[in-house]
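What follows is one structure encoded as structure tokens, with my remarks underneath.
Since every read-out is calculated from the coordinates, none of them should be taken as a lab result. Keep in mind that this is a model prediction, so the values were computed, not measured. Positions of Cβ are generated from backbone atoms using ideal geometry, with glycine treated the same way; all protein chains shown enter the neighbour counts.
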Amino acid sequence: MALVKCPKCDDQEETTGLVTVCPKCRADLTQVMDQIGRTRKTRAADLVKDDSVTTHEFIVRTKGLIKEYKMGDQIVRALRGVDLDIRRGEYLSIMGPSGSGKSTLFNMVGGLDKPSSGTCFIEEVDMAQLDAFELAWLRCRKIGYIFQTFNIIPVMTALENVTLPMIFAGMSSDEMMDRGRTLLELVGLGDRLHHKPLELSGGQQQRVAVARALANSPAIILADEPTGNLDLQTGKEIIDLLKELNVESGVTII
Ligand code: ADP
Ligand code: MG
């Protein structure tokens, strides 16, 4: 076990390899998360309807979505009134040339940025009505994100990367380890649990990202050019994996 400096309190602490903060800070964080969870989760859960059985036919809807970026005195209209209905369980590919607004749409649907006007509904909940905590709650539990550049954390092992979102969702440590292992096995990395990103190939890193996206059993996986940094064959394998997940678990994939 290594002695590392806790990034929160600067104490030298022995780590368990599970998270990067020391046990004391971890306990504090868990307490804060629990507290927030107790006071606010109920409302967010009510809003988002956290049942697996739900009647909403459309899991994502956008109406007149406009996004303008102001660059000095220039205005870039990245989205010009997007109306989109996406059904639960759908596997949807959005195609368009570079600069056509795909990532901008990804950011709106994923609650990572706000539209200039128009509305985005997730399970009929207007995202603009959610406060910061509710939005964080929704992003943590309802949406899994996959990026072109993988964006997994370099100092963490595959297992730590996959279990990280579970910490935010308040899962117990045993449950987390079990689920993390199961997910990594599901994406074909059962023998790479303790490898760090640099010790993995690009395709394997993206598999870690897929497993991480599934951490909290999201209803939607948003993938922004998930094969853009991979060779043709490896990219095809990632697409096959996403299709398989869509068919087998019914998760909506965009
Ligand atoms: P895509 O993902 O399809 O390549 P983007 O959504 O990244 O397209 O970009 C759409 C348009 O919006 C482009 O013209 C881009 O230059 C512009 N754009 C994207 N993000 C920003 C930003 N943060 N600030 C200003 N302009 C942006
Ligand atoms: Mg893009």
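Remarks
- Ascending count of other beta-carbon atoms within 10 Å, so fewest first, for 60, 4, 251: 4, 251, 60
- Exposure proxy order (Cβ contacts within 10 Å, fewest to most) of 10, 113: 10, 113
- Stretch gain in nm, segment residue 84-residue 199, where the contour uses 0.36 nm per residue and the Cα spacing is subtracted: 37.4 nm
- Residue-count net charge about residue 65 - beta-carbon cut-off 15 Å; Lys, Arg +1, Asp, Glu -1: +2
- For 159, 135, 232, order by how many other beta-carbon atoms lie within 10 Å, fewest first: 232, 135, 159
- Links that overshoot a 28 Å alpha carbon limit, given the list 63/102; 67/236; 67/243: 67/236; 67/243
- Full-stretch length increase - residue 9, residue 247 - with 0.36 nm per residue and alpha-carbon distance subtracted: 81.2 nm
- Prolate/oblate/rounded label for the range 142-254 (Cα gyration tensor, a/c 1.5): oblate
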